[in-house]
């Protein structure tokens, strides 16, 4: 690499795309026999291209594996509790830097935690360099609750695009927006409703002044845009605790923002 190791990741990515172009375009196989042949094709290209593979880092024929802080199986996605345990053993953060690290770590698993942005709002505020760092009882309770949520987070399921989805939305006044994407699938012979993902965010200053119906409508629009790659062209139902949203079906509103949405 003429420009040093700074461009190592880009160089490696380009090399992989060039050598395994056909395999990448073809994708992965579901059938075991096809998968074995696919692996053989990949391995056969390593020797002529002077690529070496570390067997210590390879796993073959696994029902589940650990990747990027998650435990991945053919049916679900769970948090790797070994990663979580190392962080949860640490004491309460004593500086802004330590709090930023904890909030960033927890935020990585926000898809597993319902209304994460609402829960962590007080910790987000103390992460700012413009405020005096202080751990109050409220923030300590939030810190402990997030630790509990991480250790008791639900196992997420993978979507089946042949089945309908359920989108649950909930806008918390002043605090933020939240949504959950569910689906009812047959697991071990029985139909079970599982969580595909949770999403949430805080309200902007201007959005915090919206009326309840408008905020709930914003939550719906935001959730549809946020998870459009699941819901576009799919059959789904929306569940909300705001009965006023039903008026949108008849368009009995003069609010220009709602009409535009």
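Coordinate-derived values only; no laboratory data. Worth saying up front: this structure is predicted, and the values here are computed from it rather than measured. Here Cβ is always computed from backbone atoms with ideal geometry, including for glycine, and neighbour counts include all displayed protein chains.
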Subject >> Cβ-based exposure ranking for 147, 52, 6, in which fewest neighbours within 10 Å come first >> reply: 52, 6, 147
Subject >> Computed FRET value (nearest 0.05) for residue 124 with residue 184, which takes r as the C-beta separation and R₀ as 41 Å >> reply: 0.75
Subject >> Highest-fluctuation residue, 60, 102, 158 considered, GNM on the chain with Cα pairs under 10 Å >> reply: 60
Original post:
Here are several values of volume of the Cα convex hull per residue in Å³: (1) 134; (2) 221; (3) 173. Which one was derived from the coordinates shown?
Top reply: (2)
Original post:
Relative contact order (percent) for the stretch 78-151, with alpha-carbon contacts under 8 angstrom and 6 or more residues of separation?
Top reply: 39 percent
**OP:** Report, to two decimal places, the Cα Rg of the stretch 3-83 normalised by 2.2 N^0.38 Å (N = number of residues).
**Re:** 1.31
Subject >> Most fluctuating residue given options 111, 152, 59, as computed from a GNM of the chain linking Cα atoms under 10 Å >> reply: 59
Original post:
Mean separation of Cα pairs under 8 Å and 6+ residues apart, divided by the residue count of the chain: what relative contact order is that in percent?
Top reply: 14 percent
Original post:
Just 149, 98, 22 to compare: in a GNM of the chain, with alpha carbon springs under 10 Å, which one fluctuates most?
Top reply: 22
**OP:** Please report how far the C-alpha centroid of the stretch 62-120 lies from that of the stretch 161-184, rounded to the nearest whole angstrom.
**Re:** 21 Å
Original post:
For helix 212-226, what angle does its Cα long axis make with the longest principal axis of the chain, in degrees from 0 to 90 and rounded to 10?
Top reply: 10 degrees
Subject >> At R0 = 41 Å, FRET efficiency that the Cβ-Cβ distance of residue 18 and residue 160 yields, to 0.05 >> reply: 0.75
**OP:** Kindly state, to the nearest 0.05, the FRET efficiency for residue 237 paired with residue 209, given R0 = 25 Å and r defined as their beta-carbon distance.
**Re:** 0.25
